[in-house]
1. Compute, for residue 201, the solvent-accessible surface of its heavy atoms (probe 1.4 Å) with the complete set of protein chains present, and express it in square angstrom to the nearest 10.
2. Take each complete run of DSSP H in the chain, measure how far its Cα atoms stretch along the helix's own axis, and keep only those covering 24 Å or more with mean Kyte-Doolittle hydropathy at least -0.5; list them.
3. How many nm separate the modelled label positions at residue 44 and residue 69, each set 7 Å beyond the Cα in the direction of the Cβ?
4. Which whole-number value in Å² is the accessible area per residue of the chain, probe 1.4 Å?
5. For the chain, with only Lys/Arg (+1) and Asp/Glu (-1) charged at the beta-carbon, what is the dipole magnitude about the Cα centre, in debye rounded to 20?
6. By the scheme Lys and Arg +1, Asp and Glu -1, what is the net charge of all other residues having a beta-carbon under 10 Å from that of residue 153?
7. Longer than 21 Å from Cα to Cα, which of 54/168; 97/221; 141/167; 72/221 are they? Say none if no pair is.
8. What does the highest-first list of 141-152, 81-92 look like by mean Cβ count within 10 Å?
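The values are calculated or read from the model by the stated rules, or taken from the named source; none is laboratory data. Model, not experiment: these values are computed from the prediction. All Cβ positions, even for glycine, are placed from backbone atoms using ideal geometry, and neighbour counts span all protein chains on display. We work out accessible area using only protein heavy atoms, side chains counted, and drop any ligands, DNA or RNA first. Shrake-Rupley method; radii C 1.70, N 1.55, O 1.52, S 1.80 Å.
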Amino acid sequence: MMKPQKSLLIKIFVVQCLLVLCVAQDFDFFYFVQQWPASYCDTRRSCCYPTTGKPDEDFSIHGLWPNYENGKWPQNCDRESSLDESEISDLISTMEKNWPSLACPSSDGVRFWSHEWLKHGTCSALGERAYFQAALDFRKKSNLLENLKNAGINPRNGEHYTLESIKKAIEEGVGHSPYIECNVDTQGNHQIYQVYLCVDKTATDFIDCPVFPRGRGCGSKIEFPPFSSDHDEF
């Protein structure tokens, strides 16, 4: 016969597991966020290239974030979890290329991926490998740079674009309207920084955003700076 104390501990454990599972599944949609590397680097904060080398001139992944329709979001749903690199060993080279960290000091990206997994991935109801694979697939599917170029919006110094033209180019390519977050370069110019697209809660398809984030707005004229070979890092 099971001792009462042992039985109680098992019940507590089961309840804790169920709570983690419920929290992980209790969200409405994902924000899939990509950032433009030149706009990350040419602020007063500057940047540090990854130890694997300077990233390509293309949008890179910031994260795949579970969100609620009320504008809030779950986070850190399993504080006991940790990134298991063996789960994503076959994805590492692709992640180094498409999901690099530009934060200082320079790194190989593992700390960045670990942060994204612990804060957001543990709330996604996806396994670790499925979570990172989904983000990589959505980046490829969205093809942001190509969609912008097809509309005549190219990364070039001295060029300015309207917010509506940028949103229209992405919407025509992806099929859903994005949210554009801008930041400001060292000269005070507004520039494309991050692009938010929405994904259904099963991480299967892009959807119309139930709600847009409250991020930094964009001015009437927006720059799309090049990530040229002579771009300075910190």
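1. That residue has around 100 Å² of solvent-accessible surface.
2. Those that clear 24 Å and a mean of -0.5 are 4-25.
3. 4.1 nm
4. Result: 53 Å² per residue.
5. 760 debye
6. That sum, taken over residues with Cβ under 10 Å, equals +2.
7. 54/168; 97/221; 72/221
8. Descending mean neighbour count gives 141-152, 81-92.
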